[in-house]
1. Rounded to whole Hz and in sequence order, give me ³J(HN,Hα) for region 161-176 from the Karplus expression 6.51 cos²θ - 1.76 cosθ + 1.60, θ = phi - 60°, writing x for Gly and Pro.
2. Roughly speaking, what is the stretch gain from Glu221 to Val447, that is 0.36 nm per residue apart minus the C-alpha to C-alpha distance, in nm to one decimal?
3. Roughly how tilted is helix 102-120, in degrees to the nearest 10 and between 0 and 90, from the longest Cα axis of the chain?
4. Tell me the label-point distance for the pair Val63, Val252, using the 7 Å Cα-to-Cβ offset, in nm and rounded to one decimal.
5. Return the equivalent ellipsoid semi-axes of region 243-283 as a descending list in whole Å, where each equals the square root of 5 times an eigenvalue of the C-alpha gyration tensor.
6. Can you run the Rg to Rh ratio on region 114-228? Use alpha carbon positions and the Kirkwood inverse-distance Rh.
7. Calculate the translational D of region 37-161 in whole µm² s⁻¹ from Stokes-Einstein, where the hydrodynamic radius comes from the Kirkwood formula applied to all Cα pairs, the temperature is 10 °C and the viscosity 1.306 mPa s.
8. Rule-of-thumb check for region 214-358: C-alpha Rg over 2.2 N^0.38 Å?
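Values in this text are rule-based calculations from the coordinates and carry no lab data. Model, not experiment: these values are computed from the prediction. Here Cβ is always computed from backbone atoms with ideal geometry, including for glycine, and neighbour counts include all displayed protein chains.
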Amino acid sequence: MVELTLAHWLYLFFMAAVVVTMFLRKDTPLICLIGALCVAWAVTKSFIGAVQAVFNAIVVTAVELMGIVVVISLMVALSKQMERSGAAAVLISILGKPIKGPKSAFWFVGIITAILALFIWPTPSVALLGSLLVPVAVSAGLSPVATGVSIAIFAYGISLTTDFVIQGAPTLTAKAAGISVGQVMSAMVPLIITWAVIAIPLTYFFTMKANKGYDPKKDIEIFGESILKDKNLKHSTLAKVEAVVVALTFLVNIILMLALKLRGGDATALLGGSAALLLVVFTLIQYKSEGLEVGVEFLRDGFMFGVKIFAPVFAIAALFYMGGGPAKAIFGESGRELLFDLCKALAQKVPLNRFAVAPMQAVIGAITGLDGSGFSGLPLMGTLAGGLSVAAKVRADVLAALGQLTAVNTGGGTIVPWALIAVAGVTKTRPEEIARKNFVPVVLGFVGATIVAMILM
């Protein structure tokens, strides 16, 4: 039996408080800081130790997320330079041809990002395509938040959740469950189809309803004049050359990622380095002797944006990291994975039949996803599927796939704000806004997938 302590109950209470606060459309960082202090006090048994742990948690969170923050900041810096040179307007005029309005923009941006995300995972895909496609979508009349919702629901909700190409997620799940990767992937197909049939149309409906009356002019200050399409606009030679070079560079990046099998952080590093190099080259070409000073201005703007967007996320994630995988990095040897303890305790209390274990697996999966990773809970999901399937006499592959669906979908980047920072970065919005828009469709999709899982077991 898992022994639950005061720290576990405080962690559970503040997790619920954060969810309720988000549902009420209020900001959560201060709630999370208070929660982090209380949980840390319960863990360390010392107020001074708790105060230090809050700071340590924020630092650990910043270190964990810094790669994404830096690549987004560099991409924003490059986009600022491209806006000044006119290259951004050239790319928008070219990439925007298949997009005829906000409705087509929703589907085009989401599907294209999802396809690439299957091969190099969502975060580098979002950083790459987002910086190019988001201004196009905005210029077509799709608001930045709506664009972020589209990217999240397709790239993370479908591509990362299934992970059919790279197969990192199903491999983790299958090994822990004691079954083959193919079994998990096969069982995932009807579940993800059910989820998508429910979640995506609802997301589209709510997004288009909220998008009515949106005027790109209101976001000129954020995205620049280039989002206002002008067919008579004359582009300079430098703008055309830079647009071609930037597009080709990122195309080469994609080829290298596929050829060298660069994933996750390695792929992100390639993108970030390429963005920095492009920024240096074209800033110096455009501004010559003044390039050194102007380049610093672009970098400052990019990183100021990054800090502005992501600073609240550090505070939010600090609470959840205290009870997740990074707990020992925060507390030392006294750190415990409170989140997984709570999940195990829940599993021990639920009666064992298909109508109980399927909802329980779905709920536990979603809870493990609250750490913002999605993948960290997969070994637990696989282990539970293997054990519960024998006790309840149900199919382990379906149970494992259901746990993977809710864990990765939640923590991988649909309804957890601290997992949405890449999407928020490229759309220049707040991750909480995107999370709120996704919440109801995603959860209803989980309900549908759980019902189908019970039938298939």
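1. So the Karplus estimates, Gly and Pro as x, are 4, 7, 6, 6, 8, 6, 6, x, 5, x, 5, 4, 5, 5, 4, 5 Hz.
2. Result for the pair: 77.3 nm of gain on full extension.
3. 70 degrees
4. Going by the 7 Å Cα→Cβ label model, 3.5 nm.
5. Rounded to whole Å, the semi-axes are 19, 12, 5.
6. Here the Rg-to-Rh quotient is 1.09.
7. In µm²/s, the coefficient is 96.
8. Its radius of gyration relative to the 2.2 N^0.38 Å reference: 1.65.
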